[in-house]
Amino acid sequence: MSYQVAFISLGCAKNQVNCEQMMAAAEAAGHTVLSNPDGADVVVVNTCGFLQSAAEEAIDTILRMAELKRAGRVKKILVTGCMAQRYREDVLRELPEADGVLGTGSYGDIAAAVDAVMAGGRPCRFGSIHTAEQGGPRILTTPPWYAYLRIAEGCDNHCAYCVIPSLRGKYRSRPLPELLDEARELSDAGVQECIVIAQDITRYGTDLDGRRHLAELVHELCKLNFHWIRLHYLYPDEIDDELIDAIASEPKVCKYIDLPIQHCNDTVLKMMNRRDTKAELLALFAKLRARIPGLVLRTSLISGLPYETPEAFEELCDFLREVRIERAGVFPFSPEDGTPAAKMDHVPMEEALRRKELLEDVQSDIIDAYNDACLGGVREVLCEGFDAQAQMYVGRSYAESPGIDGGIYFTAEADAAPGAFVNVRLTGTMDGELTGEAVE
């Protein structure tokens, strides 16, 4: 039987890739993949479970689909992904609206699960999170000019606040030939920007032969017809000189590094099972700035972590002012069940939120100064469309990653097509984002 199946993906880009693979598997099994859940036989909600707030978003989404189900506009609901894996004992019991559940080790069972729920069953499948297949065809859900290339699954870092290893399993690199075949398909399809992702891309290859192979992968990707290659989630102490040289020497590689550090205080870092010290982070940032001209750094910071005394928090603010990281996302500490950090003493959420706001104030000043320093220069911008509200085109330069960093708004005398690269002279700012005008 052929059914109409809609997919909703929540959370990170890695989860989005899983959803794209499930869509392709459903289509290969003869089902029709819908872009809108209204009217679907089966709605697949691919959930995030990294934080409690993500799980709450997933539950809200499931309940919205349940309203469509009660109205007769949806027949069945399948729940997949990280929340399903994390709360495997609870999902079917606490959410009777769900007709079936697949864990993160069972994405490959999606077609069979669709058949099962439509036959009146209630499948509950949780394959091994350490051996699940990573590759396979995808139906891209990104705009045609960029796509994600997931090079590994799982994580071996075991940071004290993080549940990812328990949801995604041990670190597993995909073989280089398999990755290059997939990257070639993306390039041949016209993808301009290849975004290399994993929980930790710097570790790529170490589980295969004990050596880091990210620099080798970068050089191989640069031989394909991508215009940009962007690297996401580098672990600080895994960045070596070979990788820095690859980023610096390859023109296609965006001089943009997403390097989540979470904190800088040595005690906090040690208790969170991070392998860095403040001195090592300062030395790394100085080296990166010196070796990669024009580098833009992105990081994530957590306020209110266990052992973050008022003095440790001030140290973090001073560190941010000193290093002047161009992009920083700040999050309050969330004590997640099952993590060592959840059992440690920490500041109340109200105080963690207050500290988050203070860090964001520091970061706002840094962003403003960075934007001011950019004015007068010309940036190559990947146009992503026309913003009707602003009455300007909007796009991104190498310094902005999609869905994370905002964009650059610009005017142009000639039409700027989505997916085209345009040179833009930066002339001002608007709500913290750069503006400009297209130039020849």
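Once both labels are positioned 7 Å from their Cα atoms along Cα-to-Cβ, the gap between A279 and A417 label points is 5.6 nm.
The 1.4 Å probe gives accessible areas that order F50, F410, largest first, as F50, F410.
What a 1.4 Å probe finds exposed on the range 99-159 is 53% carbon and sulfur by accessible area, rounded to a whole percent. Residue pairs exceeding 30 angstrom between C-alpha atoms, taken from K76/K343; K76/K356; K14/K75; K255/K343; K252/K287: K76/K343; K76/K356; K255/K343.
Under a model in which nothing but the beta-carbon of Lys, Arg (+1) and Asp, Glu (-1) is charged, the chain shows a dipole of about 1040 debye around its Cα centre. If I take R0 = 30 Å and measure r between the Cβ atoms of E351 and E57 in this structure, what FRET efficiency does the formula 1/(1 + (r/R0)^6) give, to the nearest 0.05? The value I calculate is 0.80.
Once you charge only the Cβ atoms, +1 for Lys and Arg and -1 for Asp and Glu, what is the size of the charge dipole of the range 151-274 about its Cα centre, to the nearest 20 debye?
360
Within the chain, the selection of entire DSSP H helices by a Cα span of 24 Å or greater along the long axis and an average Kyte-Doolittle value of at least -1.0 returns 52-70, 349-374. Kirkwood radius and radius of gyration were both taken over the C-alpha atoms of the range 162-254, and their ratio Rg/Rh is 0.96. For the range 144-169, the residues whose amide N sits under 12 Å from a probe point set 7 Å from the Cα of M344 along the beta carbon direction are 159-162. Counting only DSSP beta bridges with both residues in the chain, the antiparallel share comes to about 30 percent.
Think of a 1.4 Å ball rolled over the protein heavy atoms: the chain then has 42 Å² of accessible area per residue. Kirkwood analysis of the Cα pair distances in the chain returns a hydrodynamic radius of 23.2 Å. Between I366, G72, W228, the Cα set farthest toward the positive side of the dipole of the chain (charges on each charged residue's Cβ, about the Cα centre) is that of G72. Computed from label points 7 Å out along Cα-Cβ, the spacing between V439 and A388 is 3.2 nm. Positive contributions from Lys and Arg (+1) and negative ones from Asp and Glu (-1), summed over other residues with Cβ under 12 Å from the Cβ of Y393, come out at -4.
Other residues with beta-carbon under 10 Å from the beta-carbon of Q21 carry, at +1 per Lys or Arg and -1 per Asp or Glu, a net charge of 0.
The residues packed around S173, meaning those with a beta-carbon under 9 Å from its beta-carbon, carry a net charge of +1 if Lys and Arg are +1 and Asp and Glu are -1.
In a simple Cβ point-charge model (Lys, Arg +1; Asp, Glu -1; nothing else charged), the range 268-356 has a dipole of about 580 debye relative to its Cα centre.
The values are calculated or read from the model by the stated rules, or taken from the named source; none is laboratory data. Just so it is clear, the structure is predicted and the values come from calculations on it, not from any experiment. Backbone-built Cβ (ideal geometry, glycine too); neighbour counts: all protein chains shown. Note: areas computed on protein heavy atoms with side chains; ligands, DNA, RNA excluded. Shrake-Rupley method; radii C 1.70, N 1.55, O 1.52, S 1.80 Å.
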